Structures are given as C-alpha cells and as structure tokens.
1. Take Pro413 and decide whether it is within 28 Å of the chain's Cα centre (by Cα) and without any contact (Cβ under 8 Å) to a residue 60 or more places away in the chain.
2. Filter segment 144-188 down to the residues that are touching a helix residue (DSSP H, G or I) at 6+ places or on another chain (Cβ under 8 Å) and hydroxyl-bearing (Ser, Thr, Tyr), then identify the one that is farthest from Gln358 (Cα to Cα).
3. Please state which one of Arg203, Arg165 is under 21 Å from Gly122 (Cα atoms), among the basic types (Lys, Arg) and surrounded by fewer than 16 Cβ atoms within 10 Å (Cβ to Cβ).
4. With the requirement that a residue be touching a residue at least 24 places away in the same chain (Cβ under 8 Å) and among the aliphatic types (A, V, I, L, M), what does segment 79-98 give you?
5. Within segment 349-394, track down each residue that is surrounded by fewer than 18 Cβ atoms within 10 Å (Cβ to Cβ) and closer than 21 Å to Trp294 by Cβ.
6. What strands (runs of 3 or more DSSP E), lying completely within segment 239-348, carry at least 1 residues that are buried (at least 18 other Cβ atoms within 10 Å of the Cβ) and of a type outside the set (A, V, I, L, M, F, W, C)?
7. Which one is farthest from Val123 (Cα to Cα) among residues in segment 175-200 that are modelled with pLDDT of 95 or more and of a type in the set (Val, Ile, Thr)?
8. Of the numbered conditions (1) of a type in the set (Gly, Ala, Ser); (2) touching a Cys at 6+ places or on another chain (Cβ under 8 Å); (3) over 26 Å from Val181 (Cβ atoms), Ala438 satisfies every one except a single condition; which is it?
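The values are calculated or read from the model by the stated rules, or taken from the named source; none is laboratory data. Note that this is a predicted model, so its numbers are computed, not measured. All Cβ positions, glycine included, derive from the backbone under ideal geometry; neighbour counts span all protein chains shown.
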Amino acid sequence: MAARYLIVGNGAAGLAAAEAIRRGDPSGEVTIVTEEPHAFYSRPGLAYYLTGVIPEKQLFSRPESEYRQLRIGRIVAHVDSVDRAGHAVLLHDGRRLPYDRLLLATGARAVRPDIPGINLQGVVTLDNLDDARRILALARRARRAVIVGGGITAVELAEGLAAQRVETHYLLRRDRYWGNVLDPEESALVEEQLAEQGIRLQRQAEVTRLHGRGTRIAAAELASGQMLECQIFAVAIGIRPRLRLARTAGLTTDRGIIVDDRLRTSDPDIFAAGDAAEVLDPESGARHLDSLWWAAIEAGSIAGQNMAGGSVRQHRPAPFNVTSLGGLTTTILGCVGEAAGEEDLLAIARGDSEVWRQASDGLAVECTEARNRLRLMLAEHTIAGAVVLGDQTLSRPLQALIRQRVDITPIRPHLLSEPTQAGEVLLEFWKEWSAARAAQS
C-alpha cells in the first residue's frame, strides 16, 4: 500500500516538502491541505505587488498544472484537529484524512496590539495575498494611512501605501527604526530614504486607542493626546507561530512547535517546518524562530526527505536575508544585534530571524560612503555578522565567508586598522579563498 503523506500549509515549507517527498517516494500519496484558495505564490513578492512594481500574476510561480504533474493533491479546507492515535486529520466539513506521515507547515500570524478599536474595518496586517488585495482596495479611497511596527513588514506597508498616493504616517515608539538590529547610522539611512518617498516619520509616538465612524477606522489617538485622522491603520508589530493544531494534538510546543534536527516533533510521525517551527541550533543548543523564505524552503525539503524515509539532519548556517529597506538593498547576516531595545516589535517580523538580535562579543568595523554602508562584526577568527546597505558587491562574498565560518585571521588586523578599505580587502580575500577551495575539489 502506498504511503500517505499529508501536509498542512501550502507556503514555502509545505510545497518544498511535497516536492521532496515526491522525489523520495514516486508512488506515495501526497496531499496538501490549505485554507488559501490560491496556488503557491511568493510571500516576499507582496511588497513589490503593493508598490505596483509587479502585477499580481507575477507572484505565482507554481501553476495548478505543476501540482498535477507532480501528483500532489490540494484541498482547500480548514483543519479542525489532528487525531494522533487514529493517524488522521479532521476537517471543518467533517471529512477525515488519514496519514502515515504528517507535516505541520502552518506558518505564523500577524500580532495585533491590544487597544480599543483594533477590530474596526480598515485595520490591516500583511500576512497573505488576500491582505495585500484588501490594502490596495482600501488605498483607492483612503486619504491617510497610519503605520505602526518595525522590521521589514512595516517598511513594506509604508512604501506600498505611499506608492498608492496615500498620505502615509509611520509612527515609531522610540527614537529610531529597528533599533535592535540596525545601528543608529543604518537606521538614519533608512529613515532618510523613507522621508524622500514622502513618508512622514513620527518618533516617540504610541497609539493608545482607535476611533471609528460607525464600523470603520476614523482616527488613531496617541499617548500625547494627538488625534491622527486616518482611513487605514496598518499593523506590523511582529508575528507568532500558528500553534493551535499542535497544542490541541498534545505536541510539545514553546514559542513554536518544538522539533529536532530532522524536523520531527514529539510525535515521530509528525514533522513541522517553516515559521511555525522552533528549531534547534546544534552548536549553541539554543532554539530559535525564523521567518525567512529560504530557510522555510530548506527546512521543508529536509522534512519531506525524512518523511519519505530519509535521515537528513538540518545544519543551521548563519541566517541571512537580502531585502529592500526604504529602497536601499540590504543584506543582514548572522549576529548583528544592537544593545538598544526594540519597542516597535513584540515578536520577530516576516523576513526576520531571532539570531540577528544577538550581539557579537567581537569588534565592529564600519565604513560609510554616500548611501552605502558596511558593518562587520568580527569574532576572534571569523566574521560573526554583517550588515550591507546599498552597494551589494560584498553580499555574496560575505554570505560565503560567514556561513562557512572561514578563518579571517590573515586579514583581521587590516580590517581593524583600515576600515575604509574593508570592502577591497574582503573581496580580494574571498576571491583567493574561493579559488583555493575550487582547486581542492
């Protein structure tokens, strides 16, 4: 009898797992259950959809025909519960789907602040495609929008609404943007870029209440007493893993679904991957949450291979993301955390990693030129982390050097003594290292 594989979630981790299962078990029965009616689409692409850079159709990279080709079934339904003893998933319409191996790739949901008026119409988050469509529909008749939060998603919302010609106010609870990942100079560069797009930044501003006109948002009230009229109130204060199914099934959870280095949960027949999973770093012994697209794909693929009988361990290299902040292409790698607290985010944001918030014990090397900035966090023998804003020539070399934990002892003194030449020194070192590595293989 063919093995039955069931996947809850059609995001990056879910689809990657389905494809890996199909490679490992050509005859198995693979089914994805999802609440979203859409085929697979790019969650990171929603930012470009909001700004009008790409049309909606460009978000979709897996047509329905590809599901059929790979013989992956897709059911649009809400999952009520998991019957672990009976090896089945129960759907909201009463259907019962049996499984031999189950993957929970349930993702994460945007957190909303606990303030009066938060459920008014016009209060939005950016979790999925339907949210993006809703924001664009609201923007067509809105005069003003207020954004609260931090990280990448807050900037995506601010830039998207400004691009739709909505007067956009971005409120920061403290004095600068993303203060526990970026340093003051990096925050200032991003803030300048946002201001040039017409986005109005207001610091030391905290919303305490939302006021409505009927059922619709009409104004945001600040702790200072200021009233900001608005027709859209956008929230990006972080995300939290969707844990309902795991908890009601009795699986071990903490902030996320606890998994081992093969992505197995406390039930050997149930796996978890993506934003919902709290993964183990074998070296430090700590568990982390990530919301990174590439990491979800990698974890989903490993989970799928293991569901199909493999024994693949997840090795966690330094987390990274290449994104756009205020129009500045930005790479964030490894441990780059700042001592400053972060009050705009209650949890990690999308495109984010908890690891970034860890401060390095080493020394910082900084170099700024016009709108380009490089910050390196040097450990004793390696580069612990880096932030690259603007010119991305060093993005790929740094990804390799940091993720491979390359010994940079030969160039460390030069980096510290001549920070303005750090880029040239790193580039040359990376070329030599790459050539030596290629010669050995």
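1. Numbers: within 28 Å of the chain's Cα centre (by Cα): no; without any contact (Cβ under 8 Å) to a residue 60 or more places away in the chain: yes.
In short, no.
2. The qualifying residue farthest from Gln358 (Cα to Cα) is Thr168.
3. Values: Arg203 fails: under 21 Å from Gly122 (Cα atoms).
The unique qualifying residue is Arg165.
4. Val79, Val82, Val89, Leu91, Leu97
5. Of everything in segment 349-394, those that are surrounded by fewer than 18 Cβ atoms within 10 Å (Cβ to Cβ) and closer than 21 Å to Trp294 by Cβ turn out to be Arg357, Gln392, Thr393.
6. 239-241, 277-280, 320-325, 328-334
7. Residue satisfying both the conditions and the ranking: Val190.
8. For Ala438, the exception is condition (2).
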